[in-house]
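The values are calculated or read from the model by the stated rules, or taken from the named source; none is laboratory data. Keep in mind that what you see is a predicted model, and the values were worked out from it rather than measured. Neighbour counts run over all protein chains shown; Cβ positions are idealised from the backbone, glycine included. In case anyone asks, the SASA skips ligands and DNA or RNA and just uses the protein heavy atoms, side chains included. Shrake-Rupley method; radii C 1.70, N 1.55, O 1.52, S 1.80 Å.
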Amino acid sequence: DPRWDADLAACPGATFFHSSAWARVLHSAYGYRPVYFVGSDESGARTLLPMMEVDSWLTGRRGIGLPFTDASAPLAPDSQAFRGLHEAALAHGKQRGWKYLECRGGRSLFGDVPASERFLGHRLDLTKGEAVLFSHFEKSTRGAIRKGEQSNLKIEFSRDLESVRAFHHLMCITRRRHGVPPQPFAFFASIQRHVLAQDQGWVVLARHNGIPIAGAVYVHFGKTAIYKYGASDSEFQHLRANNCVMWAVIKRFAADGLATLDFGRTAPDNEGLRKFKLGWGTTENPIEYVRQDLRTGQYAAAKPP
């Protein structure tokens, strides 16, 4: 629907992850099948339950809203408005043989059901002005920024494929350090083609003597930007390049008129990442997923961290 994003912009709570660009990324990179349930009330207000059908020989077929997404809550004002979407998704999922249906956000719309997973979200209000924003950072964050600024780092904002390739190299280094596999380059190439090249985001790199040592990928929709991926080479950690990237982004997005920077999800037991995000003066909020078994109708309960 060529009007999808324009209509979406009028929906309260809509984010980049509800957009057509993100659907294209997930479909082109992994072949997931988009199944988006849309409703409207008598006033014409739209409701939305975004879903992707994921079919794997290893884990079976299921509906996820949405894969590789921190939070993509259903867009509905209350449980009553959401009920029709939920019932339609259940009927479709049973017909397609889904093992379960998972929503990443919006637990209150389901009524009194348990969360299947819990995370923390962090948001920064960009409308306060550069000086006020800086003054609200933790002392350690301000110190890291100043140290980075003395390290002769060059911060680049780009949307081209070569910059994405440089970021992916840093991502591979970071994921190896954490003991987990990185997403394939084809996934980030899809982000470049469907998002960055369409002026809906940036890849931001910090270079030291011409070498990329830290970077991040940001996407945006409406007045909100999202910090989607970050990576760095730990050999240069003493230069505090990650802090300089984030500070450059905050200043630019605020100057461009964006109102909010969403720092994405954080596992509750990841104290290091949580401390990093709180150091920027962010507001913390819960993100709760809901998973319903379509064979039994039961809701999964979160396990301890």
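For the chain, what does the helix formula give at 222 nm: sum of -39500 (n - 2.57) over DSSP H segments with n ≥ 4, over the residue count, nearest 500 deg cm²/dmol? Before the final figure, lay out each step's value.
Numbers: 9 runs with 102 residues, N = 305.
So the calculated ellipticity at 222 nm is -10000 deg cm²/dmol.
Apply 1/(1 + (r/R0)^6) to the Cβ-Cβ distance of Thr296 and Phe187, taking R0 = 35 Å, and write down the FRET efficiency to the nearest 0.05.
Values: r = 33 Å, r/R0 = 0.95.
For Thr296 and Phe187, the calculated efficiency is 0.60.
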Quick query: amide H of Leu294 versus all other amide H atoms, modeled in the peptide plane; which residues come in under 5 Å with a sequence gap of 5 or more or a different chain? Tyr100, Leu101
Dipole of the chain, positive end: most advanced residue of Leu294, Val113, Leu273 [Cβ charges, Cα centre]: Leu273
With a 1.4 Å probe and all protein chains kept in place, how much accessible area does Leu273 have, in Å² rounded to the nearest 10? 60
Dipole of region 1-70, positive direction: furthest Cα of Val35, Phe17, Val54, with charges on the beta-carbon: Val54
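What is the magnitude of the charge dipole of the chain about its Cα centre, with +1 placed on the Cβ of each Lys and Arg, -1 on the Cβ of each Asp and Glu, and no other charges, expressed in debye to the nearest 20? Intermediate values should be presented prior to the final figure.
Values: 39 positive and 30 negative charges, 158 e Å.
For the chain, the charge dipole is close to 760 debye.
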Rounded to whole Å, sorted largest first: equivalent-ellipsoid semi-axes of the chain, Cα gyration tensor: 34, 21, 19
Nearest-0.05 FRET efficiency for Ala131 and Arg252 at R0 = 22 Å, using Cβ-Cβ distance, is 0.90
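Given a Förster distance of 35 angstrom, what is the FRET efficiency for Asp55 paired with Gln150, based on the Cβ-Cβ distance and rounded to 0.05?
Details: r = 52 Å, r/R0 = 1.48.
In this case the efficiency is close to 0.10.
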Calculate one ³J(HN,Hα) per residue across region 258-269 by plugging θ = phi - 60° into the Karplus curve 6.51 cos²θ - 1.76 cosθ + 1.60, and present them in order as whole Hz with x for glycine and proline. 6, 9, 9, 10, 8, 8, x, 8, 9, 5, x, 8
Just reorder Tyr227, Tyr218, Tyr299 by solvent-accessible area, largest first, 1.4 Å probe, all chains present. Tyr299, Tyr227, Tyr218
Can you give the angle from 0 to 90° between the axis of helix 185-194 and the longest principal axis of the chain, with both taken from C-alpha atoms, to the nearest 10? 80
Expressed in nanometres to one decimal, the distance between label points 7 Å along Cα→Cβ at Ile211 and Asn270 is 2.6
Angle between the chain longest axis and helix 20-30 axis [Cα atoms, degrees, rounded to 10]: 90
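Can you pick out the pairs among Lys128/Lys251; Lys139/Lys277; Lys223/Lys251; Lys154/Lys277 whose Cα atoms lie more than 19 Å from each other?
On the way: Lys128/Lys251 11 Å; Lys139/Lys277 13 Å; Lys223/Lys251 15 Å; Lys154/Lys277 23 Å.
Where the Cα-Cα span goes over 19 Å, the pairs concerned are Lys154/Lys277.
Within the chain, what percent of beta bridges assigned by DSSP are antiparallel, to the nearest 5? Don't skip to the end; give the middle numbers.
Details: 51 of 57 bridges.
Here the share of antiparallel DSSP bridges comes out near 90 percent.
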So if I place +1 on the C-beta of Lys and Arg and -1 on the C-beta of Asp and Glu, and nothing else carries charge, what would the dipole magnitude of region 34-91 be about its Cα centre? I want it in debye, nearest 20. 140
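Residues with beta-carbon under 11 Å from that of Gly97, excluding Gly97: net charge, scoring Lys, Arg +1 and Asp, Glu -1? Display every interim value, and only then the final one.
Values: positive: Arg61, Arg62, Lys94, Arg96, Lys99, Arg295; negative: Glu53, Asp55.
It works out to a net charge of +4.
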Report the convex hull volume per residue for region 205-289, counting only C-alpha atoms, in Å³. 115
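Nearest-5 percent of antiparallel DSSP beta bridges in region 151-305? It would help to have the intermediate numbers written out before the result.
Values: 22 of 25 bridges.
Among the beta bridges of region 151-305, antiparallel pairing accounts for roughly 90 percent.
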How much area per residue is accessible in region 110-191 when the probe is 1.4 Å and only protein heavy atoms are counted (Å²)? 55
So what's the angle, to the nearest 10 degrees on a 0 to 90 scale, between helix 139-149 and the longest Cα principal axis of the chain? 60
